[in-house]
Amino acid sequence: MSQPFKVESRHWMLVVALVIAGYASYRIIEPYLGPIIMAVIISLLCHPMHEKIRGKMPGSPNIASLLSCTLLTFIIMIPMLVVFSSIVHQGTTFSKESYTWLTDGGAKELFAHPYVQKSFALIDKYSPFKSIDPQEVLQKIASIASQLGSTLLNVSTKLLGDVTNFLMSFILMLFVLFFLLRDHDKMVATVRNVLPLSRSQEDALFSEVQTVAKSAVLGSFMTALAQGVAGGFAMWLCGFPGLFWGSMMAFASFIPVVGTALIWVPATLYLLLLGQWEWALFLTGWGIIVVGSIDNVLRPLLMQGGDSNMNTLLIFFSILGGLQLFGLIGLIYGPIIFGVTLVLFKLYEIEFKDFLEHQDRS
């Protein structure tokens with residue numbers, strides 16, 4: 001008969017040393033935590049694909065992992081480069097046209113429009129704030145136009161820096177992903193051995209993380225893609241550059257509360273100022289009914305499509321809280337944290353079933 005495990009002082013010393021070493025290790029990798037976590041998530045999602053590749057070359061794990069990383073690079077980077085080049089081209093064209101419109105007196109013509117004059121009159125009549133002086137607005141627009149060149153230069157510099165940071169993070173993520181795919185079985189076995197859980201509990205925990213990660217990635221990015229396509233199509237019909245504004249809508253869909261309205265509401269106001277009431281009404285209806293329903297219906301459906309037991313309310317708060325706490329990556333982190341928490345609650349119910357039933361009866 002095995003003796004019960006007895007916790008001694010040396011065990012506590014080891015635990016304290018592990019906590020200190022773990023914290024120090026965390027501080028070392030903290031600047032690179034984002035790419036590392038993304039590599040872990042992608043490895044969970046792409047492991048079935050990698051297993052098929054590894055099955056074709058069982059004696060070459062390095063080559064199989066390299067092929068998987070190369071394939072993922074093409075899948076991710078080529079569409080991004082195509083879209084990014086189109087965004088830069090159409091964005092540059094839009095900026096030049098806007099600058100020409102401002103310097104050629106387009107703003108003065110706009111403020112002389114009867115609808116604009118009526119709008120100013122209504123605002124001055126009912127607004128509790130200071131009345132709007134069109135001349136001051138024109139002076140402000142002229143000032144913005146004179147500074148547009150330097151502003152675009154600053155934005156371009158920042159964008160170049162962001163692209164550089166993204167590429168560095170992407171390369172680091174691929175580097176980590178290579179080892180995660182190659183040594184997947186060893187790493188999983190090590191984690192299983194360290195966790196003080198039964199095999200069934202470990203299976204439940206790993207399964208939930210994989211399911212929620214897949215649902216979060218699928219739900220977030222497929223929703224953004226669908227909203228970008230639908231919104232870009234409507235903007236193209238209304239006379240705007242479709243690919244550019246569709247891409248902007250896809251990015252705006254990640255912003256909580258406002259979302260794609262950040263794009264189509266100003267576009268609607270612009271159409272109203274031009275007197276194009278029909279297109280303005282069309283864009284408003286399309287934005288609310290079609291684009292809005294994609295976010296409200298498609299995202300929860302996609303995120304509930306797996307075996308995860310999270311309901312719509314939990315999904316909503318996991319996304320909202322994740323965005324608030326972690327930024328855009330919180331779209332993935334939030335649901336994963338909630339999913340793991342739910343699994344831990346289930347394990348708690350199983351482990352303390354007798355105690356909980358006794359408490360319910362008392």
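Residues are listed down the side, and each one gets a yes or a no for (1) surrounded by fewer than 10 Cβ atoms within 10 Å (Cβ to Cβ); (2) under 22 Å from SER207 (Cα atoms):
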site: ARG27; (1), (2): yes, no
site: SER43; (1), (2): no, yes
site: PRO58; (1), (2): yes, no
site: LEU71; (1), (2): no, no
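Does ILE37 satisfy the criteria of being touching a Phe, Trp or Tyr at 6+ places or on another chain (Cβ under 8 Å), within 18 Å of GLN210 (Cα to Cα) and either surrounded by 11 or more Cβ atoms within 10 Å (Cβ to Cβ) or in contact (Cβ under 8 Å) with a residue 60 or more places away in the chain (or both)?
In short, yes.
For residues in the range 175-200 being at pLDDT below 80 and small (Gly, Ala, Ser), which is nearest to LEU44 (Cα to Cα)?
SER200
Residues in the range 225-270 that are in a helix (DSSP H, G or I), of a type in the set (Gly, Ala, Ser) and within 26 Å of ILE319 (Cα to Cα): how many?
Total satisfying the criteria: 10.
Give me the pairs: first residue in the range 194-205 and closer than 20 Å to GLY22 by Cα, second residue in a loop (DSSP other than H, G, I, E, B) and at pLDDT 80 or above, beta-carbon distance under 9 Å, and six or more apart or on different chains, which are they?
none
Which one is modelled with the highest pLDDT among residues in the range 271-291 that are surrounded by fewer than 16 Cβ atoms within 10 Å (Cβ to Cβ) and either outside any helix (DSSP H, G or I) or of a type outside the set (A, V, I, L, M) (or both)?
Taking the range 271-291 and keeping what is surrounded by fewer than 16 Cβ atoms within 10 Å (Cβ to Cβ), we get 273-275, 277-278, 281, 285, 288-290.
Retained after the next criterion (residues that are either outside any helix (DSSP H, G or I) or of a type outside the set (A, V, I, L, M) (or both)): 274-275, 277-278, 285.
On the way: LEU274: 71, GLY275: 70, TRP277: 80, GLU278: 85, GLY285: 90.
Selected residue: GLY285.
The values are calculated or read from the model by the stated rules, or taken from the named source; none is laboratory data. Every value quoted in this text rests on a predicted model; they were computed, and no experiment measured them. Using ideal geometry, Cβ is built from the backbone for each residue, glycine included, and neighbour counts are taken over all protein chains shown.
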